[in-house]
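So the structure is just underneath, and the comments pick up after that.
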Amino acid sequence: MAASKRPLKLLIAAPRGFCAGVDRAINIVELALERYGAPVYVRHEIVHNKFVVDSLKAKGAVFVRDLDQVPDGVPVVFSAHGVPKAVPARAQERGLSYLDATCPLVSKVHRQAERHIERGRHILFIGHRGHPEVIGTFGQVPEGEMTLVETAEDAERVTPADPENLAFLTQTTLSVDDTAQIVSILKRRFPGITGPKGEDICYATSNRQAAVKEIAGQCDALLVIGAPNSSNSLRLVEVAEREGIRGRLVQRAADIDLAWLEGVDTLGLTAGASAPEVLVREVVDFLARHFDLDEQPVAAAEERMVFKLPRGLEAA
């Protein structure tokens with residue numbers, strides 16, 4: 001007789017997983033493959049998720065680090081994180097046809113940056129050094145016109161040349177709480193600083209963090225499905241830990257360490273904005289094989305956002 005399985009309550013956060021910008025970016029690559037045929041080249045990972053990237057590779061997408069690796073005469077797609085202005089300019093010089101899959105919420109930050117520079121303001125940009133979205137945003141303005149602020153300590157130390165003429169912008173995938181702390185320091189130090197009219201942190205990042213807070217009080221631990229280079233996924237682990245529970249990032253069910261779940265009676269589960277629902281189901285199925293699973297969805301918000309495709313692909 002098989003040993004009985006230990007009960008485990010699983011609270012599945014909603015919203016979770018794909019956001020409208022990720023959906024749109026993947027759609028752009030798939031439609032480009034339909035329209036032009038393989039191969040379609042993609043500069044950098046279209047979104048930070050190995051499963052998604054591998055699925056698109058199987059359909060004929062070729063991922064490259066640099067535009068110089070794209071041969072003449074084939075279409076190229078720019079990733080959802082956005083690219084410096086020099087990249088589409090170089091593509092045009094070479095006569096490459098390109099599709100820009102930059103998330104519209106990232107494009108909005110790019111336009112804000114340009115407007116601040118036109119008005120003579122220096123920008124303090126809150127973000128993580130080396131992240132593709134930060135590189136893309138810095139590449140919208142002349143060198144030296146923007147300063148990176150990564151932490152509250154940076155915000156206390158930064159010494160702009162003209163403190164009376166400043167603006168701040170943020171990466172879209174940051175911790176809502178950390179960013180609020182940094183912004184409050186900047187506003188205290190530079191009372192005249194100009195900020196965005198609305199929130200730069202995207203709705204999906206905010207909603208997924210709020211959903212984790214919603215279930216954290218009822219959980220012993222939280223699993224986040226996402227990639228180790230996915231900013232918004234890493235923030236979800238931090239939110240859990242800040243709420244006083246253990247958090248762990250896994251890319252797939254195979255990464256789950258059953259020993260880590262010892263003593264856990266109620267487990268939370270969520271997925272970063274670039275993780276597909278198929279991976280959530282894979283994790284649920286894995287847990288159901290090992291535990292007597294009581295699966296309960298917990299909704300913190302409803303998302304209905306949809307972004308238009310670039311011109312020329314709508315018909316496809």
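The values are calculated or read from the model by the stated rules, or taken from the named source; none is laboratory data. These figures come from a predicted structure and were not determined experimentally. Backbone-built Cβ (ideal geometry, glycine too); neighbour counts: all protein chains shown.
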Top-ranked residue in the stretch 216-275 [being small (Gly, Ala, Ser) and surrounded by fewer than 15 Cβ atoms within 10 Å (Cβ to Cβ); ranked as farthest from Pro7 (Cα to Cα)]: Gly244
Elements of type helices (runs of 4 or more DSSP H) contained in the stretch 127-227, each with 1 or more residues being without any contact (Cβ under 8 Å) to a residue 24 or more places away in the chain: 152-157, 176-189
Strands (runs of 3 or more DSSP E) contained entirely in the stretch 234-316, each with at least 3 residues that are touching a Pro at 6+ places or on another chain (Cβ under 8 Å): 291-299
Residue match in the stretch 262-269 (condition: touching a residue at least 12 places away in the same chain (Cβ under 8 Å) and within 23 Å of the chain's Cα centre (by Cα)): yes
Flag if Arg90 is of a type outside the set (A, V, I, L, M) and more than 21 Å from the chain's Cα centre (by Cα): yes
Considering residues of the stretch 94-114 that are more than 30 Å from Gly37 (Cα to Cα) and touching a strand residue (DSSP E or B) at 6+ places or on another chain (Cβ under 9 Å) only, the residue surrounded by the fewest Cβ atoms within 10 Å (Cβ to Cβ): Gln112
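For (1) without any contact (Cβ under 8 Å) to a residue 12 or more places away in the chain; (2) within 30 Å of Arg189 (Cα to Cα); (3) exposed (fewer than 14 other Cβ atoms within 10 Å of the Cβ); (4) assigned by TED's automatic domain parsing to the domain that holds Glu143, each residue gets a yes or a no:
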| position | (1), (2), (3), (4) |
| --- | --- |
| Val62 | no, no, no, no |
| Ser79 | no, no, no, no |
| Pro88 | no, no, no, no |
| Glu118 | yes, yes, yes, yes |
| His122 | no, yes, no, yes |
Test: Val106 is farther than 15 Å from Gln140 by Cα and modelled with pLDDT of 95 or more: no
